[in-house]
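What follows is a set of notes on a single structure, which appears directly below.
Where a number appears in this text, it was derived from the coordinates with a stated rule and is not lab data. Note that the structure is a prediction, hence the values are computed from the model and not measured. Cβ: placed from backbone, ideal geometry, glycine included. Neighbour counts: every protein chain shown.
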Amino acid sequence: MRALLAVFTAFAALAVTGCAAVDPNCPADARDLPLPSLYGRWEARFDGLPAVSVVQLGKHPDYAGVRGTITRDAGGGAKPSVAQLAGDVDDEGALSIDESLDGRAISGNWAGTLQPRSCGREFRGTWRNAADDSTHPFVLNKTGAPEGKP
């Protein structure tokens, strides 16, 4: 009976914390993430928008950061939009990404923080649309390894 009670208590604790086990090796701050852990496929969800956007990040060729793309579903059968991304983890530990629709002008900015216990697989923050200065909360979740890796 005590063993059953212990198991029940453990499951109740998991339900409250929302995680199965906390990996002590998970970084508490994005500054502690190895840069390659940012490479790969991510899903971006923006507050108030039903569609999921696909983000692909890889090594930036010119500095210790990331470069990639975001593909947003335009809905209604319209062609998806693709924007270029480039960024890094700033001195405060925030993931900071600039977005450009044309490869020259900044069309948006991302500023997000690594979520506790996500082991580098979730960032939350604010996306700012440069066209109208509106801001939108976002969640960025890692969905896959870098291309060419298991």
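Given Cα positions, please report Rg to Rh for segment 24-142, the hydrodynamic radius being the Kirkwood one.
Values: Rg = 13.9 Å, Rh = 14.5 Å.
Rg/Rh for segment 24-142 comes to 0.95.
Relative contact order for segment 24-142 using alpha-carbon pairs under 8 Å, separation at least 6, rounded to a whole percent?
Answer for segment 24-142 is 23 percent.
Listed highest first by mean packing, meaning other Cβ atoms within 10 Å per residue, what order do 58-66, 107-115, 133-141 come in?
On the way: 58-66: 13.3, 107-115: 19.1, 133-141: 15.0.
My ranking of the peptides, most packed first, is 107-115, 133-141, 58-66.
For segment 42-112, what is the convex hull (Cα atoms) projected area averaged across all directions, in square nanometres? Mind dumping the intermediate values first?
Values: hull surface 21.6 nm².
Averaging across all directions leaves 5.4 nm² for the Cα convex hull.
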